[in-house]
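Inspection log for the structure reproduced underneath, given as structure tokens.
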Amino acid sequence: MSDKFYPIEIKQLLQLVLNELNNHKSIFGIPNELFFNPNKNLQYKTKQFNQTIDTPIGVAAGPHSQMAQNIIGAWLMGARYIELKTIQTLDELEVSKPCIDMQDEGYNCEWSQELKINESFNEYLNAWIIIHILNHKLKFGKTPGTIFNMSVGYNLEGILKDNVQWFFSKMNSCTNELEVKINEIKGIYPEIESIQIPSQLSNNITLSTMHGCPANEIEAIAGYLLRF
């Protein structure tokens, strides 16, 4: 099995999703009767970061939450708090896997990150758009009731690098990129022009540091993120 990830363009991914839904009443092999319908489960609604979400559960950051199709699949099954895969400034590392050998416990088979930072952002934007489309098509409500939570590591020096700062900027506001993608797919789903899709994907962050990170480094990063 290859450890390489190969992103799918949004036009192709959306076509795959809609074709399967229309022809087989499923998405990624998940039958539509298993889709979480928030209209039938209002008791799970809650608030986080002054935002309403349909459920207080979700997925933790990992290789799975780096790819748009996995984020969409999780959302369909009721995950509404999505901790996106941790990004870091070093995004072109060649690391043998598993990268940590825990001889009496198990294996850590990931590394941040398999994709480059701009590719990660593109996957998150693709997922964000398609989730809004599915929320509209499945008539789940005015909004998807979902929070995308950024995850960033691993030290302050890296977080201040240009590529990570670019990522923060785009996750906060990606009006141009959003408009380009909408134009790409409106022929597949014309109703997208009537859907309000925010250009802000996330306004909250989880800090991920390396094992043994010094306390003063964690404090410096936390201080920066709180001011940021």
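The values are calculated or read from the model by the stated rules, or taken from the named source; none is laboratory data. Source: prediction; values computed, not measured. With ideal geometry, Cβ positions are generated from the backbone for all residues, glycine too; neighbour counts draw on all protein chains shown.
Structural remarks
- All positions within region 205-225 that are exposed (fewer than 15 other Cβ atoms within 10 Å of the Cβ), modelled with pLDDT of 90 or more and either within 23 Å of the chain's Cα centre (by Cα) or hydroxyl-bearing (Ser, Thr, Tyr) (or both): ALA222, TYR224
- Residue in region 8-27 that is at pLDDT below 95 and not charged (D, E, K, R) present: yes
- Residue that is surrounded by the fewest Cβ atoms within 10 Å (Cβ to Cβ), among those in region 17-54 that are without any contact (Cβ under 8 Å) to a residue 40 or more places away in the chain and part of a loop (DSSP other than H, G, I, E, B): ASN50
- Top-ranked residue in region 62-75 [being free of Cβ contacts under 8 Å to residues at least 60 places away in the same chain and closer than 14 Å to LEU13 by Cβ; ranked as nearest to the chain's Cα centre (by Cα)]: ASN70
- Counted as qualifying within region 70-169 are the strands (runs of 3 or more DSSP E) with 2 or more residues that are modelled with pLDDT of 95 or more and in contact with a Ser or Thr (Cβ under 6 Å, 6 or more places away or on another chain), namely 147-152.
- Taking every residue in region 169-185 that is within 21 Å of SER151 (Cα to Cα) and pairing it with any residue that is among the acidic types (Asp, Glu) and surrounded by 12 or more Cβ atoms within 10 Å (Cβ to Cβ), at least 6 positions away or on another chain, the pairs with Cβ-Cβ distances below 7 Å are LYS170/GLU177.
Table: residues versus (1) of a type outside the set (Asp, Glu); (2) more than 18 Å from ILE129 (Cα to Cα); (3) in contact with a helix residue (DSSP H, G or I) (Cβ under 6 Å, 6 or more places away or on another chain).
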{"residue": "LYS4", "(1), (2), (3)": "yes, yes, no"}
{"residue": "GLU9", "(1), (2), (3)": "no, no, no"}
{"residue": "LEU16", "(1), (2), (3)": "yes, no, no"}
{"residue": "ASN19", "(1), (2), (3)": "yes, no, no"}
{"residue": "HIS24", "(1), (2), (3)": "yes, yes, no"}
{"residue": "PRO31", "(1), (2), (3)": "yes, yes, no"}
{"residue": "LEU34", "(1), (2), (3)": "yes, yes, no"}
{"residue": "LYS40", "(1), (2), (3)": "yes, yes, no"}
{"residue": "GLN43", "(1), (2), (3)": "yes, yes, no"}
